[in-house]
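**Q** I'd like to ask you about the structure that follows.
The values are calculated or read from the model by the stated rules, or taken from the named source; none is laboratory data. All figures in this text were calculated on a predicted structure; none of them were measured in a lab. FYI the Cβ positions are ideal-geometry reconstructions off the backbone, even for glycines, and counts take in every protein chain you see.
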Amino acid sequence: MAAARTEQSERDVRQGFNVTTYLIRRILYAIPILIGVNLITFALFFFVNSPDDMARLALGGKRVTEEAVERWKRDKGYDKPHFFNAQEQGHARFTNTIFFSKSASMFVFDFGVSDDGRDIGTEIRTRMWPSLAIAVPTFLVGLAFYITFALILAFFRATYVDVSGVVACVVAMSISSLFYIIGGQYLISKLWHLVPISGFDYGVDALKFLVLPVAIGIVSSIGANTRWYRTIFIEEINKDYVRTARAKGLSEARILFRHVLHNAMIPILTGVVVIIPSLFLGSLIMESFFSIPGLGSYTIEAINNQDYSVVRAMVFLGSVLYIIGLILTDIAYTLVDPRVRLD
Amino acid sequence: MPFKPVILWTDALLFLLLSAAIGFWLHMRSRPHLLQPWRNLLQSRQAMGSLVFLAFFIAVGLVDSLHFRPRLSQPDATQESRYAVQTLSLLDVLVGPLRTQTEKTYSAPLATHLFAKETVELPGGGRLRTYPRLTYGGAHLANPRTDWLPDVLRLTAAGLGFGVILWNALALLVTGVLARRTGREFGQTWRAILHQREPVPWRTILISTAVIMLLLAPLAVLATRYHVLGTDKVGQDVFYLTLKSIRTGLLIATLATLVMLPLATALGIMAGYFGGWVDDAIQYIYTTLNSIPGVLLIAASVLMIQVYMATHPELFDTIEQRQDLRLLFLCLILGVTSWTGLCRLLRGEALKLREQEYVQAAHAFGVSHLRVISRHILPNVMHIIVIAVALDFSVLVLAEAVLSYVGVGVDPTMTSFGNMINAARLEMARDPMVWWSLASAFAFMLVMVLSANLFADALRDAFDPRITVASRAKA
């Protein structure tokens, strides 16, 4: 008994050690990817168009004086060489360049300032809360809804309930998300006056602003998600262990909710965990339709105002969050699936 | 020549894609094993029913892709011919008055009066604030109040009758041809069609055609006298704008695929087949691209293209060419950002196929890598490619609307579903509401995407080897 326990704890220690080394390796693997992302954005923003072109467009038209262009570039810090500054001494040869000051600095989450002179990092920290207030409930409540619907369809598989459910899903998938938002705002806010049409407030008051976007967010992706989870369940139901369970005389409901649901968690987790960190970014169209001061509307404003530093920062942040999501997915795998070993 | 043909970039690519599809079909015709899944598809009711609707949209898009510049009329024949600045398409000619008969501003579907009140000068002096009559919509009615309803009903009935006649002619033609080919009697063939005893579900095809004809024929007949779906802010006919939007959606969906396919296929198969450092390099590329959120990468690229096009005005002469160039760039960007999913699938499949005995045998016989890939790997991953293309179609049509809303879609002056919806946002805030452009965009887009989705589903069922085996086991 005691021997068994030491063996168990020894395995735990070994597993824990494995997880740490594995994590370190994954994080190291993320570094070249982030460097790649950084180089792509750098090339996109500084090689496709020269800073001179961007200055001319920002200042308006062709009749812009050379001094104005130079001043614009100096204000933005775009008047330096790309990678290597021959006029400087020592390490300033590399640090006093566009790449170092605009792109490399993002690795320490120094995003610089936006066109209206505000610090992008601070802006992101204050704007992520409204984004999360919409994205987290949409994600959690939505997940519960989709899985429930999918289980119902899987339970009634190959009957009229299932077939009409799948048809309804395909129709729901074929409607642009814009129509869900416009329709929802019109019906609930304009016609029935249940909640305000758009806006945001902090604290308890936020609730009345949040209900509609969250509900629309859930409804607009109900078709694709329900169908996706249904496919996972159906695939799981066709496996041998389900037949064994049935042969043992278990009820269909018990098989579905205990056996199938548990085993389906593995494919579900792959799709779900990876997007959790990206919830920070919020949804572009949702936030702009409902005027929610989150990161999504921040990005849209930046796109419309052609504020390149903000767009660059969001691209980098988005990739960091995605890579965190990938690492989290791997960890979640080992937690739910004892067969997966990290080596 | 009365006109000068204009081949826009996207037109050329669309027709290139069409000829590639025809070439693909000719290549397969002599290979029955490749043809088998397509034969399954041909016998699927869902596929054929949705294909009829899809064919309608594709036809409109193709007709709208034949561009030309009409010759300006000039009194002196000796002069060198001059052509209009405006580029028209064959569709513009076919719909004729719809394009040119513009009203002053908004008018409701089938309306005879403008949507907004205006001050009108009365013939006997004095002014009146009223809803003025439309210049074209219902202009033939002497007294709209009493004549309007009977006239609309008469035209609808005429349209329906026209549709029924057309459909009957088509049904007779199909039955006649089928009867000749099978050598049966006409009545017998008709009953076979009616009871779905033919291998090809002709009844489903004919029903879908009937639905399209009975909807379109009244619309077309009414459109000769009225603005069937109303007019927009600058008085353009909404029905015309909707028809024009079809081409934009279709182009985005197909051209982005054209960019994505070679990238995904070549890189995916190479990664799986060669393995080693090739695999590592390709995996690194797609993980990096994949880690950037799609919308943001598209937004960043489109922003840069905007700057590029603003600083290089020499690339285009007319507005149509500018719109076209931007559309082309957008397709390019969408293609570059969307190849990673298919690439990963193909890599996995090629990894498995590499270990198959017939590939090993080919290696042992000294067959070159290129030949092994083209003879043994590519045909065996074809089903994955076909399914991915079909599934992407509807996703891309929907993406266009969202991107145009965000401001990184097609040119704001181009007619597209996204721009129509975008404009409709402000119209919804008016009181009373201007609902018709949104409703038309909604209806046409829904039918287009839904038929694409249904077709893609049927295609997947026909091509997915797992499903085919399962259904065979059931039967």
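Every residue, every condition in (1) among the hydroxyl-bearing types (Ser, Thr, Tyr); (2) more than 28 Å from the chain's Cα centre (by Cα); (3) within 30 Å of residue B:193 (Cβ to Cβ); (4) surrounded by 18 or more Cβ atoms within 10 Å (Cβ to Cβ), yes or no:
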{"position": "B:86", "(1), (2), (3), (4)": "no, no, no, no"}
{"position": "B:90", "(1), (2), (3), (4)": "no, no, no, no"}
{"position": "B:93", "(1), (2), (3), (4)": "no, no, no, no"}
{"position": "B:123", "(1), (2), (3), (4)": "no, yes, no, no"}
{"position": "B:129", "(1), (2), (3), (4)": "no, yes, no, no"}
{"position": "B:159", "(1), (2), (3), (4)": "no, no, yes, yes"}
{"position": "B:162", "(1), (2), (3), (4)": "no, no, yes, no"}
{"position": "B:166", "(1), (2), (3), (4)": "no, no, yes, no"}
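**Q** Same structure, new question: Tell me, please, whether a residue that is closer than 22 Å to residue B:236 by Cβ and part of a loop (DSSP other than H, G, I, E, B) can be found in the range B:4-26.
**A** Yes, the range B:4-26 contains a residue that is closer than 22 Å to residue B:236 by Cβ and part of a loop (DSSP other than H, G, I, E, B).
**Q** Could you list, in sequence order, all residues of the range B:416-435 that are surrounded by fewer than 21 Cβ atoms within 10 Å (Cβ to Cβ) and either within 10 Å of chain A (Cβ to nearest Cβ) or in contact with a helix residue (DSSP H, G or I) (Cβ under 8 Å, 6 or more places away or on another chain) (or both)?
**A** B:422, B:423, B:425, B:427, B:428, B:429, B:431, B:433, B:435, listed by residue number.
**Q** Still on this structure, please answer the following. Looking at A:303, A:275, which is the one that is within 11 Å of chain B (Cβ to nearest Cβ), touching a helix residue (DSSP H, G or I) at 6+ places or on another chain (Cβ under 8 Å), not charged (D, E, K, R) and not in a helix (DSSP H, G or I)?
**A** A:275
**Q** Restricting to the range A:309-323, name every residue that is more than 7 Å from chain B (Cβ to nearest Cβ), crowded, with 22+ Cβ neighbours inside 10 Å and not hydrophobic (A, V, I, L, M, F, W, C).
**A** A:312
**Q** Test of understanding: among B:44, B:19, which residue is of a type in the set (Ser, Thr, Tyr) and within 25 Å of residue B:251 (Cα to Cα)? Step through it out loud before you land on a result.
**A** Details: B:44 fails: within 25 Å of residue B:251 (Cα to Cα).
Residue meeting the stated conditions: B:19.
**Q** Can you tell me which residues in the range A:171-186 are among the hydrophobic types (A, V, I, L, M, F, W, C), buried (at least 21 other Cβ atoms within 10 Å of the Cβ) and more than 7 Å from chain B (Cβ to nearest Cβ)?
**A** Correct list: A:181 only.
**Q** Taking into account only those residues within the range B:256-296 that are at the interface with chain A (Cβ under 7 Å from one of its Cβ atoms) and of a type in the set (A, V, I, L, M), which is surrounded by the fewest Cβ atoms within 10 Å (Cβ to Cβ)?
**A** Ranking the candidates gives B:292 first.
Here's the yes/no breakdown for (1) closer than 18 Å to residue B:391 by Cβ; (2) small (Gly, Ala, Ser); (3) modelled with pLDDT under 90:
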site: A:198; (1), (2), (3): no, yes, yes
site: A:204; (1), (2), (3): no, no, yes
site: A:208; (1), (2), (3): no, no, yes
site: A:219; (1), (2), (3): no, no, no
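**Q** I've got another one for you. Kindly indicate whether residue B:443 is surrounded by fewer than 21 Cβ atoms within 10 Å (Cβ to Cβ), within 26 Å of the chain's Cα centre (by Cα) and at pLDDT 90 or above. Before you say what the answer is, go through the steps one by one.
**A** On the way: surrounded by fewer than 21 Cβ atoms within 10 Å (Cβ to Cβ): yes; within 26 Å of the chain's Cα centre (by Cα): yes; at pLDDT 90 or above: yes.
Here the answer is yes, as residue B:443 does meet what is asked.
**Q** Starting from residues that are buried (at least 18 other Cβ atoms within 10 Å of the Cβ) and either more than 23 Å from residue B:41 (Cα to Cα) or not charged (D, E, K, R) (or both), keep the ones in the range B:180-205 and report whichever is nearest to the chain's Cα centre (by Cα).
**A** B:205
**Q** Would you be able to say whether some residue in the range B:390-412 is in contact with a Lys or Arg (Cβ under 9 Å, 6 or more places away or on another chain), more than 14 Å from chain A (Cβ to nearest Cβ) and surrounded by fewer than 24 Cβ atoms within 10 Å (Cβ to Cβ)?
**A** yes
**Q** Within the range B:12-53, which residues are within 25 Å of residue B:327 (Cα to Cα) and either acidic (Asp, Glu) or surrounded by 14 or more Cβ atoms within 10 Å (Cβ to Cβ) (or both)?
**A** Scanning the range B:12-53 gives B:13, B:14, B:15, B:17, B:18, B:53.
**Q** Quick check on residue B:472: is it farther than 22 Å from residue B:303 by Cβ, at pLDDT below 90, in contact with a helix residue (DSSP H, G or I) (Cβ under 7 Å, 6 or more places away or on another chain) and surrounded by fewer than 23 Cβ atoms within 10 Å (Cβ to Cβ)? Let's see the steps before the verdict.
**A** Details: farther than 22 Å from residue B:303 by Cβ: yes; at pLDDT below 90: yes; in contact with a helix residue (DSSP H, G or I) (Cβ under 7 Å, 6 or more places away or on another chain): no; surrounded by fewer than 23 Cβ atoms within 10 Å (Cβ to Cβ): yes.
In short, no.
For every residue, the table says whether it meets (1) among the hydrophobic types (A, V, I, L, M, F, W, C); (2) touching a Pro at 6+ places or on another chain (Cβ under 9 Å).
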{"position": "B:344", "(1), (2)": "no, no"}
{"position": "B:348", "(1), (2)": "no, no"}
{"position": "B:356", "(1), (2)": "no, no"}
{"position": "B:360", "(1), (2)": "no, no"}
{"position": "B:365", "(1), (2)": "yes, no"}
{"position": "B:368", "(1), (2)": "no, no"}
{"position": "B:372", "(1), (2)": "yes, no"}
{"position": "B:378", "(1), (2)": "yes, no"}
{"position": "B:383", "(1), (2)": "no, yes"}
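**Q** Next question. What are the residues in the range B:150-193 that are closer than 20 Å to residue B:209 by Cβ, out of contact with any Pro (no Cβ under 9 Å at 6 or more places or on another chain) and of a type in the set (S, T, N, Q), if any?
**A** Correct list: B:168, B:175, B:189.
**Q** Which of the residues belonging to the range B:27-45 are assigned to a loop (DSSP other than H, G, I, E, B) and polar (S, T, N, Q)?
**A** B:30, B:43, B:44
**Q** Same structure, new question: Select, from A:227, A:254, A:246, A:312, the only residue that is in contact with a Cys (Cβ under 7 Å, 6 or more places away or on another chain) and of a type in the set (D, E, K, R).
**A** A:227
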